[in-house]
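The next block holds one structure in the form of structure tokens; read it before the comments.
The values are calculated or read from the model by the stated rules, or taken from the named source; none is laboratory data. Since the structure is predicted, the reported quantities are computational estimates derived from the model, not experimental observations. Cβ placement follows ideal geometry from the backbone for every residue including glycine, while neighbour counts extend to all protein chains displayed.
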Amino acid sequence: MDTLGKRLGRFCVVVLAVFVALVIGWTIFVRVPRDVADLLGVLLVLGLGLVVARAAARLGRRWLAAYDVAEVAVEGPISRDGNTDGLTGGVVTPPADAIVEQIERADDDPNVEGLLVELNTPGGEIVPSDDIRLAAERFEGPVVAYATDQCASGGYWIATACDRLFAREGSLVGSIGVIGSTVNAKELAEELGVSYERFAAGKYKDAGQPLKELDEDDRHYLQGLVDDYYDDFVERVAEGRDLDPETVRETEARVFLGREAESRGLVDEIGTARDAEDALADELGHEVTVEAFHASPGLLRRLQGGGRALARAAGAGVADALAGDGDTEIQFR
């Protein structure tokens with residue numbers, strides 16, 4: 001919470017730092033080199049003062065922060081690499097690791113007493129979703145989540161680690177299920193004159209390979225993986241929401257509007273981000289000030305995203321569909 005004392009403290013830090021910088025700068029750049037033009041010395045002093053002022057302002061915000069609650073957003077499909085917008089590489093969804101880093105940064109920040117999690121996601125990859133859930137679970141302090149448009153599948157998996165979950169009446173909540181998929185291009189390959197020669201050690205090593213037709217053993221094996229993930233999902237929701245596992249299974253991976261999700265025990269309360277903030281204030285026993293901790297994919301991931309978009313535009317997507325790597329995609333969806 002921001003107070004008059006903290007604001008005065010931040011102002012004093014900046015003023016003191018600038019004063020010290022000006023004294024040091026004047027001594028080094030003006031008084032000592034008497035043969036250097038005074039104008040140049042003054043400019044150097046002013047430049048040093050501005051640089052130090054900015055650094056001191058950042059330190060002041062760090063030491064005497066105006067916020068006491070960090071907000072982290074999980075938006076869009078959840079994946080390890082994140083998603084970018086076409087050829088520009090503009091961010092659509094940050095990588096899961098970047099979201100985890102922001103939660104951990106908030107946990108390490110001595111000014112942060114509580115965590116607010118915005119959830120607007122259809123789900124995504126299993127392990128990246130669990131990484132975010134674990135980061136929220138390990139946060140030392142109350143964690144309150146609120147759903148906006150949707151909190152489904154992997155997003156709901158994350159919500160199970162939060163102390164409370166709010167949703168809007170129009171929010172789509174649930175989709176407690178797992179889906180696995182693989183592309184079978186055997187017939188297309190035969191039409192193109194492409195044949196599949198198997199060189200593998202282990203009966204199920206190439207299960208789901210696009211150029212190999214699935215047999216019943218492969219289907220049973222792959223379905224077993226999906227079922228195991230689903231059992232874990234049901235157990236996690238039942239434990240996190242204090243529900244009977246059979247009640248969770250009865251949802252049959254459907255999504256529900258906010259009111260019905262609340263009646264089924266999937267949501268604690270209908271409310272907005274402001275209501276979630278008020279819940280945190282009640283937990284902490286005082287009014288709160290929220291600071292958004294933004295997750296960014298970084299320059300390298302932006303360039304990688306743009307490169308992948310160019311490759312797809314050149315037809316790499318068709319090549320991938322034909323060749324494949326034998327991996328079956330399983331997601332919280």
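For segment 207-297, give me every one of the helices (runs of 4 or more DSSP H) that falls completely inside it and has 3 or more residues that are touching a residue at least 24 places away in the same chain (Cβ under 8 Å). Show your work before the answer.
Working: elements: 216-241, 245-249, 258-263, 273-284.
Ranges flagged: 216-241, 258-263, 273-284.
If you go through segment 122-141 one residue at a time, do you hit one that is surrounded by fewer than 23 Cβ atoms within 10 Å (Cβ to Cβ), modelled with pLDDT under 95 and of a type in the set (A, V, I, L, M, F, W, C)?
Looking for residues that are surrounded by fewer than 23 Cβ atoms within 10 Å (Cβ to Cβ), modelled with pLDDT under 95 and of a type in the set (A, V, I, L, M, F, W, C), one finds at least one in segment 122-141, hence yes.
Could you tell me whether segment 226-238 includes any residue that is in contact with a Lys or Arg (Cβ under 8 Å, 6 or more places away or on another chain), within 21 Å of residue 134 (Cα to Cα) and either modelled with pLDDT of 95 or more or of a type in the set (A, V, I, L, M, F, W, C) (or both)?
There is at least one residue in segment 226-238 that is in contact with a Lys or Arg (Cβ under 8 Å, 6 or more places away or on another chain), within 21 Å of residue 134 (Cα to Cα) and either modelled with pLDDT of 95 or more or of a type in the set (A, V, I, L, M, F, W, C) (or both).
Only one of (1) surrounded by 17 or more Cβ atoms within 10 Å (Cβ to Cβ); (2) farther than 12 Å from residue 74 by Cα; (3) at pLDDT 95 or above is not met by residue 146, so which one is it?
Tallying (1) surrounded by 17 or more Cβ atoms within 10 Å (Cβ to Cβ); (2) farther than 12 Å from residue 74 by Cα; (3) at pLDDT 95 or above, residue 146 fails exactly one: (2).
Please verify whether segment 30-42 includes one or more residues that are more than 30 Å from residue 130 (Cβ to Cβ) and at pLDDT 65 or above.
Here is the first cut: in segment 30-42, the ones more than 30 Å from residue 130 (Cβ to Cβ) are 30-42.
Now drop any that are not at pLDDT 65 or above, which leaves 40-41.
Yes, segment 30-42 has at least one match.
Please work out if residue 142 is under 30 Å from residue 208 (Cα atoms) and in the same structural domain as residue 246 (by TED's automatic domain parsing).
Values: under 30 Å from residue 208 (Cα atoms): no; in the same structural domain as residue 246 (by TED's automatic domain parsing): yes.
When the stated conditions are applied, residue 142 does not pass them.
Is at least one residue of segment 255-264 of a type outside the set (Asp, Glu), surrounded by 15 or more Cβ atoms within 10 Å (Cβ to Cβ) and touching a Phe, Trp or Tyr at 6+ places or on another chain (Cβ under 8 Å)?
The answer is yes, given that some residue of segment 255-264 is of a type outside the set (Asp, Glu), surrounded by 15 or more Cβ atoms within 10 Å (Cβ to Cβ) and touching a Phe, Trp or Tyr at 6+ places or on another chain (Cβ under 8 Å).
What residue, of 274, 219, 236, is buried (at least 16 other Cβ atoms within 10 Å of the Cβ) and either assigned by TED's automatic domain parsing to the domain that holds residue 173 or of a type in the set (A, V, I, L, M, F, W, C) (or both)?
Details: 274 fails: buried (at least 16 other Cβ atoms within 10 Å of the Cβ); 219 fails: buried (at least 16 other Cβ atoms within 10 Å of the Cβ).
Criteria check complete, one pass: 236.
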